[in-house]
Each structure stands twice: as structure tokens, then as C-alpha cells.
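Below is one structure, written out as C-alpha cells, with a few remarks after it.
The values are calculated or read from the model by the stated rules, or taken from the named source; none is laboratory data. Every value quoted in this text rests on a predicted model; they were computed, and no experiment measured them. All Cβ positions, even for glycine, are placed from backbone atoms using ideal geometry, and neighbour counts span all protein chains on display.
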Amino acid sequence: MALLEIAGISKRFGATAAVDDVSLSIERGAFYALLGPSGCGKTTLLRMIAGLDAPDGGRIVVDGTDVTRLPPYERPVNMMFQSYALFPHMDVARNIAFGLRQERMDGRRIAARVEEMLALVQMAGYERRRPHQLSGGQRQRVALARALAKLPKLLLLDEPLAALDRRLRAETRLELIGIQQRVGITFLVVTHDQEEALSMASRVAVMNRGRLAQTGTPAEIYERPASRFVADFVGEMNLFEGELTAGFNCLALAARSLGRQVPLPPGTKLPEGGAAALAVRPEKMVLSDVRPAGFAIAAAVSSISYLGGGSMIHFTTERGMLLKAYVPGAASDHLRRGMAVWASWPLEAGVVLTQ
Amino acid sequence: MLGFGFLYAPIVLLVLYSFNASRLVTVWGGFSPRWYGALFRNEAFGAAALTSLEVAAAAATLSLVLGTFAGFSMARFGRFPGRLVFGFLLLAPLIVPEVILGLSLLLLFVACQSWFGWPSRGMLTIMVAHATFGGCFVSVLVRAQLAGFDRALEEAALDLGARPWTVLARITLPGIRPALLAGWLLAFTLSLDDLVIASFVTGPAATTLPMAVFSSVRLGVSPEVNALATMFLAAVFVLVALAGWLMARQERRRQTTPRIRPI
Amino acid sequence: MTGLGRIGRLMLIGAPFLWLALFFLLPLLIVVKISLAESKIGIPPYTPLLANGSKGLEWRGTLANYVLIATDSLYLRAYLGSIGNAALATALCLVIGYPIAYAIARSPSVRRQLLLFLVIMPFWTSFLIRVYAWIAILEPQGLLNQLLIALGLVTAPLPLLNNQFSVQLGLVYSYLPFMILPLYGSLSRLDQSLVEAAADLGARPLQAFLGVILPLTLPGIAAGSLLVLIPAAGEFVIPDLLGGPGTLMIGKVLWDEFFNNRDWPVAAAVAVVLVAALALPLLAAQRFLEREHAA
């Protein structure tokens with residue numbers, strides 16, 4: 001049985017539905033990420049699981065117990081707040097001990113647990129510091145230790161890395177994975193950063209406008225997006241909109257922005273005449289200065305951005321559609337702005353989207 | 001909500017009873033404006049009201065100048081020698097019991113009079129006393145608003161070549177206009193309302209409205225005072241409503257002005 | 001802005017500074033001086049401290065007024081009565097004001113503005129008149145007694161006016177806004193996610209209040225308490241209008257000493273002792289209010 005079962009949860013704020021009939025199940029021990037743009041309802045969903053907001057309808061079951069009507073202080077769930085919410089009038093040790101004191105755990109066990117947690121987040125020796133005497137990264141660790149101290153069945157993390165600078169974010173990401181594996185607690189992370197979600201989580205749920213857009217492993221989400229929204233939101237994407245028509249010997253897409261037919265991946269089975277989109281990742285795009293055999297689009301390079309590991313090439317088709325291709329290394333030695341190129345991709349790399 | 005009932009019930013009852021035809025609180029003698037008529041024929045109240053208004057207008061204006069100077073200094077000059085003492089001097093008159101302010105100022109005026117033969121006690125001394133604590137109230141308001149005022153506006157003006165004094169007059173003061181207006185009005189009302197300090201520092205020549213009210217109230221409930229209080233409340237209500245309407249209009253205007261789009 | 005020049009700065013700071021030194025500090029010194037004088041009939045009604053005697057200029061100061069205050073139990077009882085009344089009023093204001101301030105701070109924006117306005121509004125109406133309004137309510141034949149009799153709760157009018165009860169009621173009523181405003185300031189700055197974090201970590205509402213909300217709003221509680229305590233301790237109008245023969249408050253004693261007995265030196269000594277008693281709370285108040293400013 002799954003650790004967390006959410007069935008048909010909804011929440012309205014005034015006229016807008018923040019969370020709209022979401023059902024989700026999370027396996028024990030998972031590192032689960034809830035990904036979506038700001039305002040998609042992911043934080044509201046998290047707060048309902050914590051018990052900080054009451055749902056209008058639906059059920060939340062944690063480890064077989066229906067907690068939907070339980071107040072936050074009676075749920076076996078703890079949360080790491082986006083602002084960290086460290087109590088400014090208590091030192092680090094008392095912050096971490098706060099939840100344990102509420103359980104009336106005895107003093108010696110509390111002290112031992114606090115020490116253990118500080119060691120876990122590599123903050124031993126900081127017991128007597130006040131939150132305002134800590135750096136952003138240190139506060140984040142204390143917040144994590146405080147939320148973990150009660151050994152909850154489920155740990156909720158609201159944008160855990162958002163307040164850190166870029167360098168620290170990458171380091172902390174790895175640490176979070178390590179800590180999760182060591183304590184074995186199920187993590188549910190809310191984030192708007194797709195890179196963060198894909199790199200940390202074992203499973204990802206993408207949310208949009210209060211609804212679940214897709215759930216799956218990071219690779220499934222990236223490689224096989226289920227909708228235009230997911231394709232566009234997760235990573236970079238070239239999207240060709242058009243109508244399904246019969247091609248030479250298979251189905252093709254009459255792409256409006258190109259004014260021509262584009263071949264679909266072999267074996268695509270969809271009724272003719274419907275609207276659809278073909279999504280192609282920039283790293284699947286192949287650019288060449290001579291026309292390749294088979295399908296290719298004529299275009300001109302409009303800009304080259306060097307990104308370190310590779311380069312993002314923006315190019316414009318004859319009809320003025322802007323496309324992008326990611327090529328490894330510095331591309332400036334063989335590509336120039338204004339240069340005419342041919343763009344193509346392996347047909348099986350495209351994804352047909354009807355939603 | 002019970003708390004607000006507690007705060008407002010006495011005031012509402014007072015207004016109601018100002019229209020009671022009967023002199024007694026016990027009896028509701030029907031609706032009547034007779035006490036308003038009696039109030040307007042009461043010459044002692046009339047003269048006292050005039051004195052109070054004159055004193056209050058002068059005291060509020062002086063308070064505004066002193067309080068703006070002080071509030072600006074506290075908000076903008078950072079650390080300067082005597083800042084702590086200055087802050088204390090600005091705060092103390094707000095909370096020190098009125099009997100002490102009144103008594104101490106009176107003794108000062110008496111001493112002055114015996115040394116220099118001036119000033120004789122009356123409207124001038126009341127005005128000076130009221131300006132002292134009124135200025136402290138104004139400084140609190142000005143300081144609070146300056147703290148919320150975007151200093152980048154001042155820096156932009158300096159950057160565009162305005163001299164510091166020009167910036168003060170053309171950018172900063174217009175920016176804190178609400179605090180200046182509220183400060184003047186607050187100082188005015190406080191002066192209009194003060195009984196204790198005025199009773200100490202006045203001379204035989206000047207009787208303010210609260211003093212007249214107090215001597216009649218000491219004898220028990222007076223319907224004329226009810227009528228006076230109601231008029232006072234009505235005036236305050238009209239002023240507040242006007243201020244609210246002006247602010248709402250300003251807000252609307254700000255919203256309908258087309259914004260410059262970023263290029 | 002620092003470009004106003006030395007003279008500009010000197011003027012902006014100096015004018016109000018001088019004014020306050022002249023009309024607040026100097027008068028307090030004169031009070032001290034006169035408290036050392038003896039009362040006499042004449043203008044001014046006190047003796048000079050230095051006078052020409054047989055051996056030239058002589059010091060004529062006396063501590064007699066302070067001895068009087070210390071030995072006559074009237075004054076001691078009045079001081080204790082004032083401080084007791086003020087302390088009780090402060091406690092009551094805190095108990096009544098805290099829930100109100102909390103409710104305001106947690107209201108949606110538009111209603112919050114309205115409620116705040118309702119709290120501030122009494123500042124703009126006459127203090128004297130608001131105290132006076134209670135007379136009509138509390139009188140033996142007043143509205144409250146009529147209501148109680150009409151409801152059959154009592155048969156004879158209760159003595160509600162001119163006693164300890166009415167003074168206390170008047171103090172709480174008049175000073176409640178002074179408590180609510182600083183409390184509101186503290187509560188509105190309180191980060192709501194701290195309260196949520198406490199609940200999330202297993203704290204029940206009462207525990208969250210005692211462990212997180214209360215300690216974090218202590219500065220507001222302190223500021224509000226001092227803003228009520230200090231002026232209430234020296235209150236004159238309320239004990240005079242609502243108090244009875246048993247009401248002993250130092251503000252009223254000072255007033256009577258001055259206006260009825262015309263004994264200025266004793267009145268001055270009473271004031272000096274009161275200021276000395278309030279000096280510490282006053283300094284504490286400045287500390288807390290300055291911290292509120294900084295926040």
C-alpha cells in the first residue's frame with residue numbers, strides 16, 4: 001500500500017480553484033517531486049497534506065490513516081517551510097527540539113536526538129546559535145533537521161532550495177538525496193525548478209492550473225511528455241502545431257508555421273484530420289550546411305549562445321519560425337550568424353502531442 | 001466585536017441622548033433638538049469655543065513645524081550627538097502624566113513672569129504648552145512615514161541635479177503630505193481636547209472649551225454638553241469622511257493614469 | 001540626505017531640541033527647585049531658595065515637603081492607589097486588547113483597515129467627553145441600572161458610579177487603544193509561517209501561543225503596557241469624574257493640592273516623586289518604542 005494516498009482533493013480560494021480534483025499516490029521511501037509554475041496549486045496541495053489548509057473535498061490518507069480532518073499537530077507529517085520559519089527567539093538546539101518537546105519526550109532523549117540531527121545535517125557545534133547568526137545555507141540545514149527530528153512518516157519540503165544561491169543549490173541537492181537515503185523517510189518536494197525536480201526525485205508529478213498534468217519518472221516526463229504544457233514547461237522544446245494528414249506512406253503533420261508537412265515518428269497511430277503538435281528537443285536537432293538525405297528544413301542562424309558545455313543555436317525558417325538546437329562544445333568555429341543551414345532530426349526523437 | 005461595542009456604546013448613547021427632550025437620562029421624552037438651541041444661546045460655551053479654536057489652530061501650526069523638523073532629524077540624520085536624549089525628549093511628553101506637564105510648565109511661566117514680567121498667562125501660554133506635546137505627536141507621524149518613503153526618489157532627484165534643499169521642498173515634503181496633514185489635525189484635536197494642561201497654565205483671562213465643559217460636567221450629566229459632544233463628533237466624522245473620500249479619489253486617479261510601458 | 005549642510009542640520013535638529021529643553025526639561029528642573037521651597041501667601045506663592053539674610057545670601061531650601069509626603073499616609077496611599085489602579089488597568093487592557101489586536105492582525109486587508117480605523121478613531125474624539133459619557137450609563141438612575149432592573153437581574157440600582165469599579169472601567173476604556181495599537185504592530189509583523197511551523201511540529205494552539213506567539217510579541221506587550229501604565233498612574237480626569245470619596249489617585253491629589261490648597265511647593269514635591277517613580281518605566285518605554293521603530 002502506498003504511504004500517501006490523495007483522492008479527489010480540491011481547494012478553492014474565492015472564484016479560483018487552486019487545487020482541482022487531484023488524486024495522487026506516493027510509495028513508501030520515494031523522493032517525490034511536485035513540479036509546476038508558480039500559482040499552479042502545488043504549495044496549496046502541500047499545505048493541505050500538512051493540515052495547514054483544509055480541503056473543500058477529497059481525502060488524504062497517510063499510512064492507512066485518514067488524516068483529512070486532523071489538525072496539523074496530530075498528523076505524522078512534518079514540513080520544511082520555504083522561509084524556513086525558524087523561531088527567532090530560540091537557539092538552534094531549541095528549534096530542533098521544539099517538536100520533540102511537544103511529544104513530551106524526556107530531556108536526555110531529546111538531547112541525543114538533537115545531536116544526531118545536527119550531525120546528520122553537518123551542523124554539530126552550532127547548538128547555541130540563534131537563527132539570525134546563521135547564513136542562508138546553515139538556516140536551511142537547521143530547518144531540515146527540525147523537520148526531520150520527529151522522524152515523520154512523510155517529510156514535506158516547500159521549495160527547499162529556492163532561497164539559496166546557485167552554487168549552494170547544486171551542492172545541497174546532492175546532500176538532500178544523501179540524507180533522504182540515510183533516514184529512509186518519504187520526501188515530497190515542491191519546486192518550480194524542473195532541473196531540481198528531475199535531478200533529485202525518483203518520481204515527478206507536474207501540476208498546471210490546479211490539476212495534475214503528468215506523473216512519471218524524471219526520464220518519462222522528459223522523454224515522453226504527455227501534453228504541450230509538460231513539453232514546454234520541462235526543458236527546452238521546439239513545438240510544431242498543425243493538422244494530422246496522410247503523408248507518402250504514413251501519417252504526417254501539416255505544420256502551419258512551416259507551411260509544409262513534417263514526418264511523424266514511425267508507427268504513430270492517430271485519426272487523420274485532428275489537431276496535434278510535434279515536439280522535438282533542441283539536443284535532438286541536427287544542423288548541417290549541406291542538405292541531408294530525407295527530411296530537412298531550410299533555415300538561417302539568428303543567434304549563438306555559448307553555455308559552457310555546449311551552445312544553443314537559435315535559427316529562423318524561411319517562413320520566420322524561430323527554432324533552437326543544442327550542439328555540444330563551442331559552435332562558433334563552424335557556425336556564423338546569418339549562415340544558411342539545414343535542420344533535421346531522427347524521426348523517432350519527435351513526440352506527438354494531442355493535449 | 002464585543003471590544004468595539006465597549007469602545008463605541010457610550011459614544012452612541014451620548015449622541016442619542018443629545019436629542020432627548022427630557023433633561024433626565026432616566027426618561028426618554030421624545031426627539032427634540034432643544035438642547036442644541038440651548039447650546040447656541042450659551043454664551044460661556046461660545047466664547048470658550050472661540051478661544052479653544054484659536055489656540056488649537058496656532059498650536060497645531062507650530063507643532064507641525066517643530067514636529068516635522070524633529071521627525072525628519074530622527075529619520076534621516078542617522079547617529080548624531082544627543083540623538084538618544086533627543087529621542088527621549090520627543091517621547092516623554094507623550095506619556096508623562098498631564099498633571100506633571102501642566103504643573104511644570106505653569107511654574108516655568110510663573111518664574112518667567114517674575115524675572116522678565118512676561119508672558120502673562122492666557123492663550124499664549126496654553127498655545128506654547130500645546131505646541132510642546134503636539135510637536136512630539138507630529139514627529140512620530142512624520143518619522144513613521146519617512147521610514148516608509150522610498151529614498152531612491154530623493155537620490156534620483158539629487159542625481160538629476162536638484163540641490164538638497166530643493167529635494168526637501170519638492171520631493172520629500174510632498175511625499176509625506178499625508179503625515180503632515182494628519183499631524184496638524186491630530187495636534188489641533190489634542191489641543192482642542194486638553195483640559196488638564198490648559199487648566200494649569202491658563203490665567204484668569206482665558207477659558208477653553210474643555211474647561212467650560214468640565215465645570216458644567218462636574219455637576220452631573222448636562223444635556224447641553226451632550227449636544228456639544230454630538231456636534232464635535234459630527235465635525236470629526238465629516239472631516240474623516242472627507243479625508244477618506246479624498247484619498248480614495250487620489251487612489252482612483254493614480255490607477256487611471258496610463259502607466260509608461262517598459263521598452 | 002546628508003547634503004543639507006551643517007547649518008541646515010543644526011537648524012532642523014536644534015529648533016525642536018531647544019524648544020523641548022526650554023519647555024519640557026527646564027520646567028521639570030523648576031519643579032524640583034520649587035519643591036524645596038516653602039509655601040507662603042503672595043505672588044508667587046512660594047519662598048525663594050536664596051534670600052538676603054543677616055549673613056548675606058542664605059540658602060533657604062527645605063526638605064519639609066518631602067518629609068510631609070513621606071509621613072502623611074494620604075500621599076503614600078495615593079501613590080500606591082495610583083500604581084495599583086494603573087497596574088490593574090494595564091493588566092485588563094492587555095487581556096482585553098490582545099484578542100482584539102490578534103483578530104485585527106488576522107483579518108483580510110480591507111476589514112483590517114476598517115478595524116484599525118475604529119481603534120484609532122477615539123483618539124480623534126474628545127477624551128473628556130468619552131469619560132463623561134459613562135456618567136449617564138453608570139448613574140444610580142443611569143442606563144445600565146435601568147437595563148439591569150428591566151431584565152429583572154437586580155431589584156435595587158447597583159452603586160456603579162463614584163467607586164473603584166467606575167474608575168477602573170474608565171481607565172480601561174480610555175487607554176485600551178494605547179494597548180491595542182502596539183500589540184497590533186507586533187502581531188502584524190509576526191511571520192504567520194512560524195505559527196504554522198509550531199502547529200506542524202505538534203504544538204496545540206495553546207502551546208503554540210505560549211511558546212511562539214507570546215514570546216515574539218513581548219516588545220509590543222511591553223510598549224503597550226508602558227503606554228497605559230505611565231499616563232494612567234497620573235490620571236486626573238477619570239478619578240475626578242468617575243471616582244468617589246474612596247478613590248485616591250496621585251493626579252487628583254496633586255490637582256487638589258495645587259488648585260484647592262494653593263500649596264505649590266507640596267504639589268511640586270508630589271510631582272517630583274511621581275516623575276522619579278515613573279522614570280524607569282519611561283526609559284524602558286523609550287527602549288521598546290525605539291526597537292519598534294527599528295523593526
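Count of the stretch C:232-243 residues, restricted to those that are free of Cβ contacts under 8 Å to residues at least 60 places away in the same chain and part of a helix (DSSP H, G or I), is 1.
Looking at this structure, is B:Leu91 more than 7 Å from chain C (Cβ to nearest Cβ), at pLDDT 85 or above and under 21 Å from the mean Cα position of the chain (by Cα)? The answer is no for B:Leu91. Checked against (1) touching a residue at least 60 places away in the same chain (Cβ under 8 Å); (2) under 26 Å from A:Val62 (Cα atoms), A:Gly178 passes all but a single condition, namely (1). Of the residues examined, C:Leu26 is one that is at pLDDT 90 or above and of a type outside the set (Phe, Trp, Tyr). Looking across A:Arg182, A:Arg141, A:Arg130, one residue alone is out of contact with any strand residue (DSSP E or B) (no Cβ under 7 Å at 6 or more places or on another chain), among the basic types (Lys, Arg) and under 27 Å from A:Gly216 (Cα atoms). It is A:Arg182. Can you find a residue in the stretch B:6-20 that is more than 24 Å from B:Phe232 (Cβ to Cβ), free of Cβ contacts under 8 Å to residues at least 40 places away in the same chain and facing chain C (nearest Cβ under 7 Å)? Looking through the stretch B:6-20, none of the residues is more than 24 Å from B:Phe232 (Cβ to Cβ), free of Cβ contacts under 8 Å to residues at least 40 places away in the same chain and facing chain C (nearest Cβ under 7 Å). Hey, could you check the stretch B:117-128 for residues that are hydrophobic (A, V, I, L, M, F, W, C) and either more than 8 Å from chain C (Cβ to nearest Cβ) or under 27 Å from C:Phe288 (Cβ atoms) (or both) and say which is surrounded by the most Cβ atoms within 10 Å (Cβ to Cβ)? The residue in question is B:Ile126.
Every residue in the stretch C:260-294 that is more than 8 Å from chain B (Cβ to nearest Cβ) and free of Cβ contacts under 8 Å to residues at least 12 places away in the same chain, please. Matches in the stretch C:260-294: C:Asn260, C:Asn261, C:Ala276, C:Ala279, C:Leu280, C:Arg287, C:Ala294.
If you check B:Ser139, B:Ser114, B:Ser104 for being part of a helix (DSSP H, G or I), without any contact (Cβ under 8 Å) to a residue 40 or more places away in the chain, surrounded by 20 or more Cβ atoms within 10 Å (Cβ to Cβ) and hydroxyl-bearing (Ser, Thr, Tyr), only one passes: B:Ser104. Only residues that are modelled with pLDDT under 85 and more than 8 Å from chain B (Cβ to nearest Cβ) were counted across the stretch C:118-136, and they come to 1. Beta carbons closer than 6 Å, at least 6 apart along the sequence or on distinct chains, pair a first residue in the stretch A:276-296 that is β-branched (Val, Ile, Thr) with a second that is surrounded by 17 or more Cβ atoms within 10 Å (Cβ to Cβ) and in a strand (DSSP E or B) for A:Val280/A:Asn238; A:Val286/A:Ser344. Among the candidates C:Leu229, C:Leu210, C:Leu161, C:Leu171, the residue that is within 11 Å of another protein chain (Cβ to nearest Cβ) and not in a loop (DSSP other than H, G, I, E, B) is uniquely C:Leu229.
Assess whether B:Ala147 counts as being out of contact with any Cys (no Cβ under 8 Å at 6 or more places or on another chain) and either modelled with pLDDT under 85 or surrounded by fewer than 22 Cβ atoms within 10 Å (Cβ to Cβ) (or both). In short, yes.
Every listed requirement among (1) buried (at least 22 other Cβ atoms within 10 Å of the Cβ); (2) within 30 Å of A:Phe98 (Cα to Cα) is met by C:Pro265 save one, (2).
Residue count for the stretch B:65-81, restricted to those that are surrounded by fewer than 23 Cβ atoms within 10 Å (Cβ to Cβ) and more than 7 Å from every other protein chain (Cβ to nearest Cβ): 5.
Within the stretch A:131-154, residues that are within 11 Å of chain C (Cβ to nearest Cβ) reach partners that are among the polar types (S, T, N, Q) with beta carbons closer than 7 Å, at six or more positions or on different chains, in the pairs A:Arg146/A:Asn95; A:Ala147/A:Asn78; A:Lys150/A:Asn78; A:Pro152/A:Asn78.
If I filter the stretch B:154-165 for residues that are free of Cβ contacts under 8 Å to residues at least 24 places away in the same chain, under 25 Å from C:Phe17 (Cα atoms) and out of contact with any strand residue (DSSP E or B) (no Cβ under 9 Å at 6 or more places or on another chain), do I get at least one hit? Checking the stretch B:154-165: at least one residue is free of Cβ contacts under 8 Å to residues at least 24 places away in the same chain, under 25 Å from C:Phe17 (Cα atoms) and out of contact with any strand residue (DSSP E or B) (no Cβ under 9 Å at 6 or more places or on another chain). The residues of the stretch C:192-207 that are outside any helix (DSSP H, G or I) and either more than 7 Å from every other protein chain (Cβ to nearest Cβ) or on the phi > 0 side of the Ramachandran plot (or both) amount to a single one, C:Gly202.
When the stretch B:208-252 is filtered for residues that are at the interface with chain C (Cβ under 10 Å from one of its Cβ atoms), at negative phi and not in a helix (DSSP H, G or I), the ones remaining, listed by number, are B:Arg218, B:Val221, B:Ser222. When every residue of the stretch B:82-93 is checked against the conditions, at least one turns out to be in a helix (DSSP H, G or I) and within 17 Å of B:Phe200 (Cα to Cα). Filtered by the rule that a residue be crowded, with 18+ Cβ neighbours inside 10 Å and either more than 7 Å from chain C (Cβ to nearest Cβ) or within 26 Å of the chain's Cα centre (by Cα) (or both), the stretch A:69-81 gives A:Pro72, A:Arg75, A:Val77, A:Asn78, A:Met79, A:Met80, A:Phe81.
Does the stretch B:45-62 include one or more residues that are without any contact (Cβ under 8 Å) to a residue 40 or more places away in the chain, more than 9 Å from chain C (Cβ to nearest Cβ) and in a helix (DSSP H, G or I)? Yes, because at least one residue in the stretch B:45-62 is without any contact (Cβ under 8 Å) to a residue 40 or more places away in the chain, more than 9 Å from chain C (Cβ to nearest Cβ) and in a helix (DSSP H, G or I).
The set of residues in the stretch C:1-21 being of a type in the set (A, V, I, L, M) and within 8 Å of another protein chain (Cβ to nearest Cβ) consists of C:Met1, C:Leu4, C:Met11, C:Leu12, C:Ile13, C:Ala15, C:Leu20, C:Ala21.
Flag set for B:Ala179, criterion: more than 10 Å from chain C (Cβ to nearest Cβ), small (Gly, Ala, Ser) and crowded, with 16+ Cβ neighbours inside 10 Å. Of the residues C:Gly246, C:Gly220, the single one that is away from chain B (no Cβ under 12 Å), in a helix (DSSP H, G or I), touching a residue at least 60 places away in the same chain (Cβ under 8 Å) and not acidic (Asp, Glu) is C:Gly220. Return the total of residues in the stretch A:222-251 being part of a loop (DSSP other than H, G, I, E, B) and without any contact (Cβ under 8 Å) to a residue 24 or more places away in the chain. Count: 4. Summed over the stretch A:49-86, the residues that are more than 20 Å from C:Val212 (Cβ to Cβ), part of a strand (DSSP E or B) and either touching a residue at least 40 places away in the same chain (Cβ under 8 Å) or in contact with a strand residue (DSSP E or B) (Cβ under 8 Å, 6 or more places away or on another chain) (or both) give a count of 7. Residues considered: A:Arg101, A:Arg169, A:Arg113, A:Arg128. Of these, the only one that is over 27 Å from A:Asp63 (Cα atoms) and in a helix (DSSP H, G or I) is A:Arg169.
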